[in-house]
1. Shape verdict for the stretch 3-81, please, from the Cα gyration tensor: rounded (a/c under 1.5), prolate (a/b greater than b/c) or oblate.
2. Over the chain, what relative contact order in percent results from Cα pairs under 8 Å that are six or more residues apart?
3. Is the shape of the stretch 101-145 best called rounded, prolate or oblate, per the rule: a/c under 1.5 gives rounded, else a/b larger than b/c gives prolate, else oblate, with a ≥ b ≥ c the square roots of the Cα gyration tensor eigenvalues?
4. Give me, ordered by chain and number, the residues 5 or more places off THR182 or on other chains with an amide H under 5 Å from its own placed amide H.
5. Can you give the calculated 222 nm mean residue ellipticity of the chain, where each DSSP H run of n ≥ 4 adds -39,500 (n - 2.57) and the sum is split over every residue, rounded to the nearest 500 deg cm²/dmol?
6. I need VAL154, VAL14 ordered by Cβ neighbour count within 10 Å, fewest first.
7. For a test of the definition: using alpha carbon positions, the gyration tensor, and the 1.5 limit on a/c, classify the chain as rounded, prolate or oblate.
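Please treat every number below as a calculation from the coordinates, not as lab data. As the structure is a computational prediction, the values presented were derived from the model and not from experiment. Counting neighbours? That spans all protein chains shown, and the Cβs are built from the backbone with ideal geometry, glycine included.
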Amino acid sequence: MSINTILLDLDDTVYPSNSGLWEAIGERINQFMIERVHISTESVLELRERLYHQYGTTMRGLAAEYQIDIYDYLAYVHDVPLKNYIQPDPALRQALLGLPYRPVIFTNADTAHARRVLSIIGIDDLVSNIIDILAVSPYCKPQEGAFKKALALVGEVDPHRVAFFDDNINNLKAARQMGFFTIRVGKRQYQPEYHSSIKMLRDIHQVFNPLSRELNTWQPELF
C-alpha cells in the first residue's frame with residue numbers, strides 16, 4: 001500500500017535533539033510552574049514527571065489540576081531565543097524537496113512556535129499544514145484521540161497510508177498500534193515500538209524504497 005501522507009513531529013525531530021532547544025523550553029516550563037502556578041522549586045521536577053505520564057503533556061496536567069491559561073502557558077514556555085539553538089538546514093530543505101508531497105507537522109507545541117522554528121530552519125514553505133496541540137484538543141500525543149483527530153484533519157481514513165516521524169518512543173508506539181508506518185528520528189537502531197529509524201530528518205530518503213521509480217508508490221523499510 002502506498003504512502004499518501006507524511007506527518008512530522010517538530011521539536012527534536014525537524015532539528016537535532018542535541019541542539020539544546022528542548023532543554024531551554026524545559027527550563028521555561030519549570031519557571032512557569034514556579035512563577036505562575038506557585039509550585040515550590042523542590043517539587044517542580046517530580047510534579048512535571050507525574051503530569052507528563054498521567055496527562056501526556058505538562059500543559060494538559062496543569063490545565064486539569066491547576067486551571068492554568070493554556071495560551072499563557074504556550075507563549076511563556078516557547079519564549080526562548082531560537083536562533084541560539086537552531087540554524088538554517090539546507091540539507092534538510094533539499095531532502096524535503098525530494099518528497100512526492102509536502103509533509104504535515106504534527107506537534108504537541110502550538111502553531112506559533114512551529115512557524116518560528118520552521119522559518120529559521122528554512123523549510124516553512126515546504127510544509128503543507130501544522131496540526132498543533134490546540135487542533136487536537138482535548139487530546140495530545142501519544143493519546144489515540146490525538147492521532148484520530150490528526151487523520152481527520154489531513155483527510156485520511158487509513159493510517160496505513162501515513163508515515164509518522166517522531167523522536168519520542170511513546171508517540172511512535174501508540175501510532176504503530178493504530179496502524180501508522182512509524183519512523184524514529186534520532187537513533188539508527190531497531191526497537192519494536194517502531195518500524196524504521198534514521199539519525200536525522202535530512203536522511204528521510206533512507207526510509208523509502210530506493211528501487212521505486214514512482215514517488216507515490218514508495219514504501220517504508222521494515223527491519
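1. Working: a/c = 1.98, a/b = 1.57, b/c = 1.26.
Prolate, since a/c reaches 1.5 and a/b exceeds b/c.
2. Values: 358 pairs, mean separation 55.0, N = 223.
Dividing the mean separation by the residue count of the chain yields 25 percent.
3. prolate
4. Under 5 Å from the amide H of THR182 lie the amide H atoms of PHE164, HIS195, SER196, each far enough along the sequence or on another chain.
5. Numbers: 8 runs with 84 residues, N = 223.
-11000 deg cm²/dmol, from helical runs alone.
6. Working: VAL154 18, VAL14 27.
Ordered from fewest to most neighbouring Cβ atoms within 10 Å, VAL154, VAL14 come out as VAL154, VAL14.
7. It comes out prolate by the Cα gyration axes.
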